[in-house]
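Take a look at the structure set out below.
The values are calculated or read from the model by the stated rules, or taken from the named source; none is laboratory data. As the structure is a prediction and not an experimental result, all values here were calculated from the model. All Cβ positions, even for glycine, are placed from backbone atoms using ideal geometry, and neighbour counts span all protein chains on display. Surface accessibility is based on the protein's heavy atoms, side chains included, excluding ligands, DNA and RNA. Shrake-Rupley method; radii C 1.70, N 1.55, O 1.52, S 1.80 Å.
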Amino acid sequence: FNPEKRRGELLGHEVIPEELGGDSMFIEVSAQTGQGIDNLLDAVLLQAEVLELKAPINTPAKGIIVEGRLDKGRGPVTTLLVQSGTINISDTLLAGNASGKIRGMLDENGKNIKQATPSIPAEIIGLSDVPNAGDEFIVINVRRRQERLRYLGKVSLEMLSWQSNKL
């Protein structure tokens, strides 16, 4: 691996490092040896602070599935990462082809938790199936959907046929 070659390739794509007057931070790291990881983490924290990056927590949660597996004793077990909002036990979650009410949630140390906020990984149980890594998830408000369905139940066939003729 040649860092200078990679810098040259990035310059070819107009990615300019800070030391040359650009706005891109270049941090050399090695996944094999772990060299530079502390510097990278420090740089990410500094950027987040300078840019005042904050994810909303008072919204329905959404994020990404990190992994999923089928556990003989617990059923589908899913590890996810919340990107915005707050996820709570008993929330209803949609992730790929899986859905369900969260029955249990563990943090990265295997301790029971009641909620997870942005950047907090959580392992959940309660989904109907095992979602794929990389699937996005959202928390849905079941009560609001039930209210909408109740309202739709009051719609007559005449109203539906009138609406379809308008399309």
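Looking at 55, 31, which one is surrounded by 13 or more Cβ atoms within 10 Å (Cβ to Cβ) and modelled with pLDDT under 85? Break it down into steps so the answer makes sense when it comes.
On the way: 31 fails: surrounded by 13 or more Cβ atoms within 10 Å (Cβ to Cβ).
Just one listed residue meets the conditions, 55.
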Check your understanding: Do we have any residue at all in segment 120-129 that's within 11 Å of residue 77 (Cα to Cα) and surrounded by fewer than 15 Cβ atoms within 10 Å (Cβ to Cβ)?
Key -> yes
Check your understanding: With 106, 81, 70 as the choices, which residue is open to solvent by less than 50 Å² (accessible area, probe 1.4 Å), modelled with pLDDT of 90 or more and under 30 Å from residue 125 (Cβ atoms)?
Key -> 106
